[in-house]
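The values are calculated or read from the model by the stated rules, or taken from the named source; none is laboratory data. As the structure is a prediction and not an experimental result, all values here were calculated from the model. In this analysis, Cβ positions are derived from the backbone assuming ideal geometry, glycine residues included, and neighbour counts consider all displayed protein chains. Ligands, DNA and RNA are excluded from the accessible area calculation, which covers all protein heavy atoms including side chains. Shrake-Rupley method; radii C 1.70, N 1.55, O 1.52, S 1.80 Å.
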Amino acid sequence: MKFLTEYLWFNTRQKREYLNITPELQRILKKSGIQEGIMLVAAMHITAGIYINDDESGIIEDIDEMLERLAPSGRDYRHHWTGEDHGDAHLKNILVGHQVIVPITDGKLDFGPWQQVYYAEFDGQRRKRVVVKVMGE
Amino acid sequence: MKFLTEYLWFNTRQKREYLNITPELQRILKKSGIQEGIMLVAAMHITAGIYINDDESGIIEDIDEMLERLAPSGRDYRHHWTGEDHGDAHLKNILVGHQVIVPITDGKLDFGPWQQVYYAEFDGQRRKRVVVKVMGE
Amino acid sequence: MKFLTEYLWFNTRQKREYLNITPELQRILKKSGIQEGIMLVAAMHITAGIYINDDESGIIEDIDEMLERLAPSGRDYRHHWTGEDHGDAHLKNILVGHQVIVPITDGKLDFGPWQQVYYAEFDGQRRKRVVVKVMGE
């Protein structure tokens, strides 16, 4: 059984930003030499998400618009009584989810035709981290 | 360490449809011979989801009604500028999630009393795929 | 390859309650002796969720408020025609998700600075269960 763990760092320009991290994941898989197994990709912060969807700018805007509609920024959240101002980012994390597990088959990320892994930043402009763990043979 | 990977194909009659795939997963587990481990079940398309909930027609309608309320079909999504017409299906995928990991204990899917795995089709009437990967001993 | 499976039982006082189960998970990891691998944490009931977020009472209330807004209790859900009265709990489970996979690195749950694992009870005042499976070396 082989394991490889790497950490990706992000520091986005915008408060909310959506980054396709699939090429980074492919690089890590290649480095691991694993042919069969799984890759766990998880945001290590509670104001960011990981999801799989399309690499198309329209759908990214649609996702952002939906998340703003369901968990709006600018509200007076109870969490803000602690001095924080990003309660909406925590809620967006809950809705999107913070992790995905990608199957590895024949040395490749076993994706369908349009699947791309995205890092969804909901409270950017600071250094944040994602853990990637590959395990298999 | 043993691995088994299978692909399930779907081509639903309706645009949106919810299919209980638990019997298929039990068949795959049996074929794998794995007694201890995990089973990853993931939609390979970005307009479908996988979730675990009740095999009860009322709750399925309630889930569908909620998803239509939070990510309505028929809206003029930005994604549609590409010529597509199923922006809502991408958003429903984000809300429901596209994968589950089922624990395997004593050669069985380690479920609670009412847990069933569903394939949630949000843009059907075409051939689509789910990957199932079992790993363990 | 080592495996350890444990079950956590809950019987909350309130209908909806949010419990930080991280210390229990750390105890299970220590017992397993696993240094590299993953821990799967999954609700075994379809009216509860598992998520990772902050151990801060304000954000917990914000999460609860959002879930009540998106999947309100007290509605006349179709599921209630079966005699049940907790349709909203099923829907909250769909939105939050019922499981997380935590990476294990150097014998520790590989978390970011604020990540805590929560059991989210949406239909409490009865005995319910969570499965925890650790696998690795």
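Figures for the structure shown
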{"quantity": "Total residues in the range A:8-18, condition surrounded by fewer than 17 Cβ atoms within 10 Å (Cβ to Cβ) and under 12 Å from the mean Cα position of the chain (by Cα)", "calculated": "1"}
{"quantity": "Candidate set from the range B:28-46 (those that are assigned to a loop (DSSP other than H, G, I, E, B) and not polar (S, T, N, Q)); member that is farthest from the other protein chains (Cβ to nearest Cβ)", "calculated": "B:Gly33"}
{"quantity": "Residue among A:Ile52, A:Ile60, A:Ile101 that is buried (at least 17 other Cβ atoms within 10 Å of the Cβ) and more than 8 Å from every other protein chain (Cβ to nearest Cβ)", "calculated": "A:Ile60"}
{"quantity": "Hits in the range A:81-98 (condition: in contact with a Leu (Cβ under 9 Å, 6 or more places away or on another chain) and more than 14 Å from chain B (Cβ to nearest Cβ))", "calculated": "A:Asp88"}
{"quantity": "Scan of the range A:63-98 for residues that are open to solvent by 50 Å² or more (accessible area, probe 1.4 Å) and closer than 12 Å to B:Leu95 by Cα, ordered by number", "calculated": "none"}
{"quantity": "Odd one out for A:Glu68, checked against (1) modelled with pLDDT under 95; (2) over 19 Å from C:Pro113 (Cβ atoms)", "calculated": "(1)"}
{"quantity": "Unmet requirement for B:Trp114, which otherwise passes all of (1) open to solvent by less than 20 Å² (accessible area, probe 1.4 Å); (2) in contact (Cβ under 8 Å) with a residue 60 or more places away in the chain; (3) touching a His at 6+ places or on another chain (Cβ under 8 Å)", "calculated": "(1)"}
{"quantity": "Selection count, the range A:22-38, where residues are under 13 Å from the mean Cα position of the chain (by Cα) and crowded, with 19+ Cβ neighbours inside 10 Å", "calculated": "1"}
{"quantity": "Residue count for the range B:104-137, restricted to those that are at the interface with chain C (Cβ under 9 Å from one of its Cβ atoms), among the small types (Gly, Ala, Ser) and farther than 13 Å from B:Met39 by Cβ", "calculated": "1"}
{"quantity": "Those residues of the range C:119-131 which are under 15 Å from the mean Cα position of the chain (by Cα) and surrounded by fewer than 23 Cβ atoms within 10 Å (Cβ to Cβ), in sequence order", "calculated": "C:Tyr119, C:Gly124, C:Arg127, C:Lys128, C:Arg129, C:Val131"}
